[in-house]
Structures are given as structure tokens and as C-alpha cells.
Amino acid sequence: MSGSSLVCGIKMSDLELINNPEVEVINRTVAFVKDELKEAEGGHDWWHIERVWKLSKHIARSEKGDIFIIELGALLHDIADSKFHGGDEEIGPRKAREFLHSLDVDQSVITHVVQIICNISFKGGKVNQTFRSSELDVVQDADRLDAIGAVGIARTFNYGGHKNREIYNPDIKPDLLMTKEQYKNSRAPTVNHFYEKLLLLKDRMNTETARNMAENRHQFMEEFLFEFFDEWHGIK
């Protein structure tokens, strides 16, 4: 049947979209995440999820991967970030798994989404990632893009304030060789985070699309830091 055929005034292509069970799963996942994160810290709230979701779909247009898994991974990647749950790295994957099971999502999809959640985070300079997939590459790039640039700067200082950290302390130097546990438990000033993570992300993008997008965001952070230190030292 032609895509221009009509049923009760609705294009068949639109009708097929409306009846697509994957679309219903995505819509219910959006509602679930919005409700779960309605009280979240401003850098890890629904708006962060929405930006990563949009970025993931943008990157996926030029890269390989199952878009259903990519969208679910993006929507659920921070459903229960361990740093807001006493360092528990199991609660996020568990919540996602239980929710997707409740929607009768295929087990292979659930397993893949859970692997994305388990492996998406940056865990310090010395930690190597063990699981790889095209879908993880896309979602991870989207999450990393949201950690840099203007939005990344805003999120970084928002979280630093949330944790009552110093903005900057010249006596505390950045540590690029932290173990996973050291990285998780760090109380370093917020500016150190730029050197310990954010400025490293440009060269850790997985996809060509994200690498291109990261260039401007990275440059913006460098310019911000130049200005910050000039002002800190009273040069400007």
C-alpha cells in the first residue's frame, strides 16, 4: 500500500507509526524517566536526559546501530546515577531492567540496554571499558557531548555547588591517574574536573559525528578556562 493512502483521513505511514509497539515503549519510558527524575540535581535531571536523547538520535542518523536500543539506552542511562545513591552501581541497571521487563521488551534488548547503562560512564583516567557496541558508542558520545561545552560548564559548576566543593584551589592539583575508587570519592575543587575528565573527552569520542561536534565545545571550554585564570589572578 502506498505511503499516501488514507484511513479515516490519516496517512497509512502515520498510522503505522502510531501502532508501532516500539514507539509506545519509548513514550512510556519518557514518562517513567520524567517521574523518576523530577527531584534530581540540575545537571542530572530530565533535561540532561532529553538532551542526550536528542543528541543520540542526531548522531544515529550518520552512524550504525539499532535506534530502538539507542533511544532506550539514552533515556535510561542515568535513571539512578550511582553518585546519588551512595555509590551503588547496581541500582540503575536494576531499575532499568525491571521497568523494561514490565513493558515486555525483548530480553536481548533489555540485556543490551543494561550493558549500555553499566558501561557508559567515565570512571577515571586509568579505567578501560570492557563492553563495546555501536549503540553504546552513540549513547556514550551523546552523554559525553552534554558534559562539555557551555552546557557542560554549567552542569559542572552546578554539581560542584550541590556538593559544596571549592570552585578552585591552586594548592590542589588535578590527578589524571586516579583509580576508579579514587575518582568516585574525589572531593577536588570543581575546576580540577575540567582536567581530570572534561578536557579528555574530545579525544575519547567514538563516532566521527561526535568528534566533529566536540571540537567547538572543547574550544569553548579552553577559552572559558583562559578567561577564568586571568580573572582569578587579577590580570583582567
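The ranking of L176, L55 from fewest to most other beta carbons within 10 Å of each one's beta carbon is L176, L55.
Bridgeable aspartates and glutamates around K64 (alpha carbons under 19 Å apart, same-chain partners fewer than 8 residues away excluded): E22, E135, D137, D141, D143, E208.
Counted by Cβ distance under 10 Å from C118, the other residues give a net charge of -2, where Lys and Arg count +1 and Asp and Glu count -1. With 26 Å as the limit, the listed pairs K34/K202; K83/K202; K180/K236; K54/K95; K57/K95; K34/K54 have K34/K202; K180/K236 beyond it between alpha carbons. In a DSSP loop and with at most 12 other Cβ atoms within 10 Å, the trypsin sites (Lys or Arg not before Pro) in segment 144-216 are K163, R187.
Relative contact order for segment 19-232 using alpha-carbon pairs under 8 Å, separation at least 6, rounded to a whole percent? Contact order relative to length: 21 percent.
The sum of -39500 (n - 2.57) across all DSSP H runs of n ≥ 4, divided by the residue count of the chain, sets its helix-only mean residue ellipticity at 222 nm to -18500 deg cm²/dmol. Under a point-charge model restricted to the Cβ atoms of Lys and Arg (+1) and Asp and Glu (-1), what is the dipole moment magnitude of the chain relative to its Cα centre, in debye to the nearest 20? I would put it at about 340 debye.
Ordering D35, D175, D146 from the fewest to the most neighbouring beta carbons within 10 Å gives D35, D175, D146.
Students often get this wrong, so try it: which of (1) 1.03; (2) 0.94; (3) 1.11 is Rg/Rh (Cα atoms, Kirkwood Rh) as calculated from the structure shown? The calculated read-out lines up with (1).
Here, each number is a calculation from the coordinates, and none is a lab measurement. Given the structure is predicted, the values throughout are model-derived calculations rather than measurements. Please note: Cβ atoms are built from the backbone with ideal geometry, for glycine as well, and neighbour counts cover all protein chains shown.
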